[in-house]
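The values are calculated or read from the model by the stated rules, or taken from the named source; none is laboratory data. Since we're looking at a predicted model, the values are computed, not measured. Cβ atoms come from the backbone with ideal geometry, glycine included; neighbour counts cover every protein chain shown. Protein only, heavy atoms only, side chains kept; ligands, DNA and RNA dropped before computing areas. Shrake-Rupley method; radii C 1.70, N 1.55, O 1.52, S 1.80 Å.
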Amino acid sequence: MKIKHLIFNHLFLYSLIVHTNANASDCIYNIYVQTGNIPYAATTSNITIFLNDATKAELPVVNLRNWGLMGSTYHYFRPGEVDLFSMKGPCLRASVCGLTIVLDGYDSWYCEGIEITVVGFGKSCSQKHFVVKKWLDVNAGTAVIIQDDCFIDNVPRSISLMNGY
């Protein structure tokens, strides 16, 4: 319980510091990443994600470790752990609804899920949970996972794009 309280206080303080240096068009992206609690699920590779909205806008988060709240010496992406990352960046035009995960390295990683919360001055808060439950494996050629839950006119974006919408 003390650790959760400490992490929350650290996140709150970090958000205030980042927010005071942000302009009105910036948002704070808090990214929770859960590694699966199974053997060999951990990774030492770099993980990059791309956040997407329904308007096809994209925000890259290159090498998540650079944005980790536990510091650069902490061992991220261990089995069963939920790691927290936070960054300031331009606000997307709509809520996050798509995610691309890229494993850049030499080993594999089992991602259980990723949750994104977005806050910005004068903007509605948004939250999106992606259930991934998949291996990313450079050697097997599966180092990229795309999850697209975006909708255009009540049709999944991945289908509407194939039909020319």
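Of the set (1) at pLDDT below 95; (2) in contact with an Asp or Glu (Cβ under 6 Å, 6 or more places away or on another chain), all apply to Gly98 but (1).
Applying a threshold of 7 Å to beta carbon distances and a minimum spacing of six or more residues, or different chains, the list of pairs starting in segment 69-96 at a residue that is among the charged types (D, E, K, R) and ending at one that is assigned to a loop (DSSP other than H, G, I, E, B) and open to solvent by less than 60 Å² (accessible area, probe 1.4 Å) reads Arg78/Ala42; Asp83/Tyr76; Asp83/Phe77; Lys88/Ala22; Arg93/Ala57. So for segment 26-44 (the condition being surrounded by fewer than 19 Cβ atoms within 10 Å (Cβ to Cβ), more than 17 Å from Ile116 (Cα to Cα) and of a type in the set (D, E, K, R)), does at least one residue qualify? No: zero hits.
Please specify each residue of segment 23-55 satisfying the condition of being assigned to a loop (DSSP other than H, G, I, E, B) and touching a His at 6+ places or on another chain (Cβ under 9 Å). Outline the logic, then answer.
Initially, segment 23-55 is screened for residues assigned to a loop (DSSP other than H, G, I, E, B), giving 23-25, 36-45, 54-55.
Scanning segment 23-55 gives Ala42, Thr44.
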